[in-house]
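A short worksheet on the structure shown next.
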Amino acid sequence: MKIEVLNENQIQRIKELTEEAIEKIGFKVEDPELLKIASKAGAVVDQGSRTVKIPAALLRELISKVPESYIVKTIDHSEFIIGEGNQYISAIVTDPWIIDYETKEPRRPSLDDVLKNTILIQKNKQVATVGRMDFPVCEYNDATSSLRALEIHLLNHTKHYNVYTACLRDFMQWMEIGEILVQGRDLAKSNLMTVAVAIVSPLTLLEFNCRVLLEASARNFVIVPTICPMAGTTSPYSKDSTLLQGNIENIFLAALTQMVNPGNPFLYAFGPSVSSMKTGHDLYYTLDKVLWKIAANELGKSYSMPTVAECGGTLSHRYDMQSGAESMLFMLMAQTTGADLLAGIGSCFNANGLSSEMIVIQSEWLRAAEYLSRGLRTDYLEEGLESIKKQGHGGNFLIDDLTLKLLRSEEFFSSSIFDMSGGYEKAPSILENAHRIVEKLTSDYISPVPEPIQEDLKRYFYDLYKKMQ
């Protein structure tokens, strides 16, 4: 089952307008080295305004160099092919707010939240890559707080690392951590990290992110853009125009990446939102997002690029009908697009909140979405007819051959957290079941990170803390 929102003519028109914008408007690039690289590659560079314009023919040539798939690796030597029809989860373990199970209200994250969510992600076999919001924890009020959360996170998982940094110092800190993780191997050949390069909408690449692009590409790390235009404030106030701007920003950065390092992996990503004209709030998870997700994936695939789609999310922090309807709708749409990576498991509260229980719930919703997307098979029609003949008028199928054959199969959807009782007896809610699973999965956990890496990480962070005292 696949839902489409753009036809071929619409996709082609957006691509034509993207080329026109990159060729005539260009991009502001605030780094002298990148300006030189762009000029040498054939772009039209205005040193005074620091704008880069790429002729359409050159743009197409550069985009053709983006790999259709790539490999990510983990420190336990697992490999995941991103592309080629595979679909994995790209997870996050903390946000500025945690939705507390007991109070059902938002609170600031703790070290225990980071640890618990890291364990849940480590144990989820569908997760290929994982990242952490760079946010302090409530136990520490000093400059070490966010680093302590990072330490706990790194000590307890072996997944591929999504690196989102707010300054060049943090990025270089990650590179030091990378050297610890590879234990003497070549970091540039490790495929161990995916690095985010943020675009400031509209059409601007700040110097810090220019440096991150240069440093990450020098190590052959996957580049994923952080592109989050807000319709009405940082992008035009229409769905199609914001989609166009997001495509322009994706394609320009993809082309610039190929100028720096031809063949460098690039992941097409798009996270738009709507600016409320009534309140001024940025609304990240509205129903419009469903259409944007599908359309962005269609555009990314039209360039033969690997794509990522947000798969969960809700505007509310509450475990209620709105949360369930929004999250399941987003999950189903993201899964059926065929995006290579599905991001945002556990996300809620307008993309500012996370919940351990919601990680479990949304993982199960993803399983439900996969089940629905397979559609209805007709493999058993002949056997079914034989069963009908055998049982005849007024018979029953309780011990029928087909019943016994499929009894323990996945012919019908079942779930360990949904209320499948179908009766009047009191059954645990989906939230209660999810909490039970969280407690079970996170008890008696032993980190899979090799001891030498753990010791080196602890020593590294200990030295950092001492310097910051």
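Quick one: which of S327, S356, S323 is buried (at least 19 other Cβ atoms within 10 Å of the Cβ), within 20 Å of K104 (Cα to Cα), among the polar types (S, T, N, Q) and at pLDDT 95 or above? Walk me through how you get there before you give the answer.
Details: S327 fails: at pLDDT 95 or above; S323 fails: at pLDDT 95 or above.
That would be S356, the only listed residue that is buried (at least 19 other Cβ atoms within 10 Å of the Cβ), within 20 Å of K104 (Cα to Cα), among the polar types (S, T, N, Q) and at pLDDT 95 or above.
Would you point out the residue of segment 128-149, among those that are within 20 Å of the chain's Cα centre (by Cα) and surrounded by fewer than 22 Cβ atoms within 10 Å (Cβ to Cβ), that is nearest to V308 (Cα to Cα)?
M133
Assuming D113 fulfils every condition listed in (1) among the acidic types (D, E); (2) over 21 Å from Q454 (Cα atoms); (3) buried (at least 21 other Cβ atoms within 10 Å of the Cβ) apart from one, which condition is it?
Every condition holds for D113 apart from (2).
Looking at K116, K125 in this structure, which one is assigned to a helix (DSSP H, G or I), basic (K, R) and over 22 Å from T226 (Cα atoms)?
K116 is the lone residue from the list that is assigned to a helix (DSSP H, G or I), basic (K, R) and over 22 Å from T226 (Cα atoms).
Checking N250 against (1) touching a helix residue (DSSP H, G or I) at 6+ places or on another chain (Cβ under 7 Å); (2) among the polar types (S, T, N, Q); (3) buried (at least 21 other Cβ atoms within 10 Å of the Cβ), only one condition comes out false. Which one?
(1)
Checking the conditions here, which among T307, T279 is of a type outside the set (D, E) and either crowded, with 24+ Cβ neighbours inside 10 Å or under 13 Å from S201 (Cβ atoms) (or both)?
None of the other options fit; the residue is T307.
Which condition breaks for T158 when tested against (1) touching an Asp or Glu at 6+ places or on another chain (Cβ under 8 Å); (2) over 14 Å from V130 (Cβ atoms); (3) modelled with pLDDT of 95 or more?
With respect to (1) touching an Asp or Glu at 6+ places or on another chain (Cβ under 8 Å); (2) over 14 Å from V130 (Cβ atoms); (3) modelled with pLDDT of 95 or more, T158 is out only on (2).
Working only within segment 373-386, note down all residues that are under 46 Å from the mean Cα position of the chain (by Cα) and either over 29 Å from Q335 (Cβ atoms) or surrounded by fewer than 14 Cβ atoms within 10 Å (Cβ to Cβ) (or both).
Those that are under 46 Å from the mean Cα position of the chain (by Cα) and either over 29 Å from Q335 (Cβ atoms) or surrounded by fewer than 14 Cβ atoms within 10 Å (Cβ to Cβ) (or both): R374, G375, L376, R377, T378, D379, L381, E382, E383, L385.
Name every residue in segment 71-83 that is modelled with pLDDT of 95 or more and of a type in the set (D, E), in order of residue number.
Listed by number, the list holds a single entry, E79.
Listed here are the residues, each with its yes/no results for (1) assigned to a strand (DSSP E or B); (2) touching a residue at least 12 places away in the same chain (Cβ under 8 Å); (3) crowded, with 24+ Cβ neighbours inside 10 Å.
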{"position": "A166", "(1), (2), (3)": "no, yes, no"}
{"position": "M175", "(1), (2), (3)": "no, yes, no"}
{"position": "G184", "(1), (2), (3)": "no, no, no"}
{"position": "A196", "(1), (2), (3)": "yes, yes, no"}
{"position": "S217", "(1), (2), (3)": "no, yes, no"}
{"position": "V224", "(1), (2), (3)": "yes, yes, yes"}
{"position": "P262", "(1), (2), (3)": "no, yes, no"}
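Going through segment 369-381 one residue at a time, which ones are under 27 Å from G324 (Cα atoms) and in a helix (DSSP H, G or I)? Step through it out loud before you land on a result.
Initial filter on segment 369-381 (under 27 Å from G324 (Cα atoms)): 369-376.
Those that are under 27 Å from G324 (Cα atoms) and in a helix (DSSP H, G or I): A369, E370, Y371, L372, S373.
The values are calculated or read from the model by the stated rules, or taken from the named source; none is laboratory data. What you are looking at is a predicted structure, and each value in this text was computed from that prediction instead of being measured. Reconstructed Cβ throughout: ideal geometry from the backbone, glycine too, with neighbour counts over all protein chains shown.
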